[in-house]
Amino acid sequence: MLLYPAIFTPDSEYIVVTFPDVPEAITQGKDIQEAYEMAVEVLGFALEDYKEYPQASSVSDLKEQYPNADIALIGIDMLAYMRKYHSNKIRKNVTIPEYLNDLAEDKNLNFSQVLTEALELKLNA
């Protein structure tokens, strides 16, 4: 598990999130919940390119540098992140009721995407 401090700075419409130790990891959210979720994702995305992970800054030092911002430690398990975003796709055959198939096709739904989203929701993944 890697931990990096994130700086949460409100602007007029969003909360901007930056990582002093991973400068290319920048994101935003409309509220603190969304900003936090986006922070985890962007941190993983940025760290993918690192061969060696940077040393994390001290939270107390950052509080002095950013007195008007909130600071939170963001944790990421890079192995879990890589599994989630870079794992191979596996083909599954499923059986569903015909009426659901007809409704889904009428709405041009992508069955693989719907099944993936449903499994993530059901498994809290």
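Read-outs throughout are calculated quantities, based only on the coordinates presented, and are distinct from any laboratory measurement. Bear in mind the structure is a predicted one, so any value in this text is a computation, not a measurement. Cβ placement follows ideal geometry from the backbone for every residue including glycine, while neighbour counts extend to all protein chains displayed.
Which angle between 0 and 90 degrees, to the nearest 10, do you get for helix 32-47 versus the longest principal axis of the chain when only C-alpha atoms count?
90
For L109, what charge total do you get from the other residues with a beta carbon under 13 Å from its beta carbon, if Lys and Arg give +1 and Asp and Glu give -1?
Every neighbour counted, the sum reads -3.
Only sites in a loop by DSSP and with at most 13 other Cβ atoms within 10 Å count here; which trypsin sites (Lys or Arg not before Pro) in the stretch 48-125 make the cut?
Answer by residue number: K51, K89, R91, K92, K107.
Please say if the stretch 2-86 is rounded, prolate or oblate, where rounded means a/c under 1.5 for a ≥ b ≥ c the square roots of the C-alpha gyration tensor eigenvalues, and otherwise the choice is prolate for a/b larger than b/c and oblate otherwise?
Since a/c reaches 1.5 but b/c is at least a/b, the shape of the stretch 2-86 is classed as oblate.
Arrange V40, V94 by Cβ neighbour counts within 10 Å, fewest through most, would you?
Starting with the residue having the fewest Cβ neighbours, the order is V94, V40.
Using the structure shown, select from K51/K92; K63/K122; K30/K122; K51/K122; K92/K122; K30/K63 the pairs with a Cα to Cα distance greater than 28 angstrom.
K51/K92; K63/K122; K51/K122
Quick check on the exposure proxy: order F8, F19 from fewest to most C-beta atoms within 10 angstrom.
F8, F19
Net charge around Y50, counting only other residues with Cβ within less than 11 Å of its Cβ (Lys, Arg = +1; Asp, Glu = -1)?
With Lys, Arg at +1 and Asp, Glu at -1, the neighbours total -4.
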